[in-house]
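*Asks:* Can you keep this structure in mind? I'll have questions shortly.
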Amino acid sequence: MNFDFTGDYKTKFKAYVDYVLQTASQTDRGTRMKLIEDLTDAYVRQTGKRPDPPELERLAHAVLHEELSDPRPDKMTLEEYPIMSERMHRVRTQGAERKRNSAGVVTYEVPIDHASNTGTDGIDYTPAKRTFNNPW
């Protein structure tokens, strides 16, 4: 594929990136990576500049299309190195798009540090701190 970056080269590069993202589901990873490599090489060769970081991030999303579009709800436990989409990260950290419980509270994951001193029997084994309320 021949890429032309004369004139408004940033807009043209964005249009090429849109094309790569639109065709990501119909092509295999090797073909997408070759197309992305040819696209970025042509951009640098013709403009003498690197592509903008947001556009490079969109190209990275095209490379990882299979991982980011995996619909399985348990993919985090099935894959050795799972990749979360931006939506999954929002759901897990901010409780976005989660239903509320009967008390109206949105539940979400908490850092493992909150349970670091809790035993399997449910008792909190955090070392006691000195208090000044005791008369002794």
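*Asks:* Taking θ as phi - 60°, what are the ³J(HN,Hα) couplings along the stretch 48-57 by the Karplus curve (6.51, -1.76, 1.60), each to the nearest whole Hz, with x for Gly and Pro?
*Replies:* Coupling constants for the stretch 48-57: x, 10, 7, x, 5, x, x, 6, 5, 5 Hz.
*Asks:* Could you work out, for the chain, what percent of all Cα-Cα pairs fall into each 10 Å distance bin, beginning at 0 Å and stopping at the bin that holds the largest distance?
*Replies:* 9, 25, 22, 17, 12, 8, 5, 2, 0
*Asks:* If you put +1 on each Lys and Arg Cβ and -1 on each Asp and Glu Cβ, how big is the dipole of the stretch 23-77 around its Cα centre, in Debye rounded to 20?
*Replies:* Result for the stretch 23-77 is approximately 140 debye, rounded to the nearest 20.
*Asks:* Right, here's the next one. Any idea of the accessible area per residue across the stretch 30-79, 1.4 Å probe, to the nearest Å²?
*Replies:* Heavy-atom accessible area per residue stands at 64 Å².
*Asks:* For the chain, what is the charge dipole size about the Cα centre, in debye to the nearest 20, if Lys and Arg each add +1 at the Cβ and Asp and Glu each add -1 at the Cβ?
*Replies:* 480
*Asks:* Enumerate the calculated ³J(HN,Hα) couplings along the stretch 4-20 in order (Karplus 6.51 cos²θ - 1.76 cosθ + 1.60, θ = phi - 60°), each rounded to whole Hz, writing x wherever the residue is Gly or Pro.
*Replies:* 10, 10, 7, x, 7, 5, 5, 5, 5, 5, 4, 5, 5, 5, 4, 4, 4
*Asks:* Percent of accessible area on the chain owned by carbon and sulfur, 1.4 Å probe?
*Replies:* 54
*Asks:* In nm, to one decimal, how far is the ASN117 label point from the ARG29 one, both placed 7 Å along Cα→Cβ?
*Replies:* According to this spin-label approximation, the distance is 4.3 nm.
The values are calculated or read from the model by the stated rules, or taken from the named source; none is laboratory data. Because the structure is predicted, anything quoted here is derived from the model rather than measured. FYI the Cβ positions are ideal-geometry reconstructions off the backbone, even for glycines, and counts take in every protein chain you see. What goes into the accessible areas is simple: the full protein's heavy atoms, side chains included, and nothing from ligands, DNA or RNA. Shrake-Rupley method; radii C 1.70, N 1.55, O 1.52, S 1.80 Å.
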